[in-house]
Amino acid sequence: MRSRRHGRTKEAPELDITAFLNLMVVLVPFLLVSAVFSRVTILELNMPTGAGGGAEDPGVTLEVVVRKTALEISDGSKVIARFPNLNQQSGAEAAAEGEAAEVPVDENGLPIIQPTEEVYDLAQLREQLLRIKETYPDKTDSTLLMEPDVAYEHLVGVMDAVRSAQVMPKVAEGAVPDPDAKPETLELFPDISLGDAP
């Protein structure tokens, strides 16, 4: 008979994960404290329907048309107010001289889009919308129509102007205005539908 080797069965050595656990105990709170939580803002829009739905006030229509050359306020059939672009003069002069208007570009070759306040007269737009709101205080819906070549940043800037305005509180007749008064946000036409400009 063969002699059997009675060797000891080797046991696997234990893993020492104490150092790893210590690292996790320190690292997890550090990552949680230093994490940046971003806030996502969503604009709610009402898309126009194909069928003529029953609107609450069918007699009153407010359309703001965003064109490359101007902002227009329309009642659906005719233009009520028109505000030419603030920088249209220089572009018109260049076109009259036969020069193509140069579009400035950044270091990556992408076009630089000017702030909306420098392109469109949002102050005049807000004043006109405030007058319309005084006439129709219960109206909250509006339609924003834009041309295809209008920059997205400008569309959002005009939407903000249509949605609300900063106004100073009204002072009673004969009263002295408060020098510490701060502007209040007045809701204009927050229910915005989007469409293409005619």
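So the values come out like this:
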| quantity | calculated |
| --- | --- |
| Unsatisfied cross-links (Cα-Cα over 24 Å) in the set LYS139/LYS182; LYS133/LYS182; LYS78/LYS139; LYS133/LYS170 | LYS139/LYS182 |
| For region 132-198: rounded, prolate or oblate by the Cα gyration tensor [a/c cutoff 1.5] | prolate |
| Additional length obtainable on full extension of the chain from VAL25 to LYS10, 0.36 nm per residue less Cα span | 2.1 nm |
| Which of MET159, MET146 is most accessible, then next, and so on - probe 1.4 Å | MET146, MET159 |
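The values are calculated or read from the model by the stated rules, or taken from the named source; none is laboratory data. Quantities reported herein were computed from a predicted structural model and do not represent experimental measurements. For the accessible areas, the whole protein counts, side chains as well, though only heavy atoms, and no ligand, DNA or RNA atoms are used. Shrake-Rupley method; radii C 1.70, N 1.55, O 1.52, S 1.80 Å.
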